[in-house]
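No value in this document is a laboratory result; all are computed from the given coordinates. Note that this is a predicted model, so its numbers are computed, not measured. All Cβ positions, even for glycine, are placed from backbone atoms using ideal geometry, and neighbour counts span all protein chains on display.
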Amino acid sequence: MGCYPWSDRVVPLICQRPRVVYVHVPKTGGTQTAAILRARGAIKEGAEHGPIRVVSHDTRAASTCVATLRDPWSWYASWYEHALTLGDEGARRLSAWGRGATDWRSVMHGVTHPEPPPGCPRSPGVLWAQGGDWSRVTAPHGLYTWAVEYFTQERSGAWAVDRVIDTAQLIEGWSEVLGVDVARGRANERKPDALPDRYADAYDDEMISWVSKADKPMIDLFGWEPFAPLSAPVVNIRDLHE
């Protein structure tokens, strides 16, 4: 299975055989997915993250476009732990979300309650760069909703991926999409002592409700429950709108 970069921009992983465009939403099993695809002969080229809309419509039409997603409560915890590994840049990012604080609760309040900066009522949220493309998280939705929409949807809001694999069922999902049994790849190591081993233990009821409100449209669309897998490893986006 050969892969090629669509351009010198940040792009999704595009594989020729089978024809799959993999859209890597950060913190949704991208490292394991890359290992799964490499085990089938894929050669990863270019940068890691890029929105689906940078891929040509012809390429998309000839491929199955797949994204991996996880329940938003686990996603926020994984994102927070990852930011802690980024040194000064991670601290700056967490401090921006935490209104000057970097502790877990303060940051979680910020990412689920994006506010307009002083003097910028038309531009709510906090900037986040991806591949040099600066995008703004907008209220009232949280960072998770922004990430899913930014990577998987057109600017019009229309979905540009065909299928979503639940990260909690990654092996089963990729086995179904590729039509073969796949082996478990190596996942990123978690930062030790950042949060409890069980992400559920990092939340209290109020924090769970923050996510439930901030990301309600995405939660309702997929039927996410806190820290739980979906009812099936693969979701066909078309089925969600029928």
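The slack between residue 183 and residue 239, meaning 0.36 nm per residue of separation minus the straight C-alpha distance, is 17.4 nm.
Rounded to the nearest 0.05, the FRET efficiency derived from the C-beta distance between residue 84 and residue 64 at R0 = 25 Å is 0.10. Here the ratio of the Cα radius of gyration of region 155-194 to 2.2 N^0.38 Å is 1.63. When each of the peptides 80-86, 69-75 is scored by how many other beta carbons lie within 10 Å of its residues on average, the order from highest to lowest is 69-75, 80-86. Maximal additional length on extending the residue 54-residue 17 stretch stands at 11.3 nm, based on 0.36 nm per residue less the C-alpha distance. Taking 0.36 nm per residue of separation and subtracting the current Cα-Cα distance, fully stretching the chain between residue 113 and residue 216 would add 35.8 nm. Using every pair of separate Cα atoms, the Kirkwood estimate puts the hydrodynamic radius of region 194-242 at 12.5 angstrom. Using the Cβ-Cβ distance between residue 91 and residue 154 with R0 set to 30 Å, the FRET efficiency from 1/(1 + (r/R0)^6) comes to roughly 0.35.
Under the shape rule built on the C-alpha gyration tensor, where the axes satisfy a ≥ b ≥ c, region 155-242 is oblate, since a/c reaches at least 1.5 while a/b does not exceed b/c.
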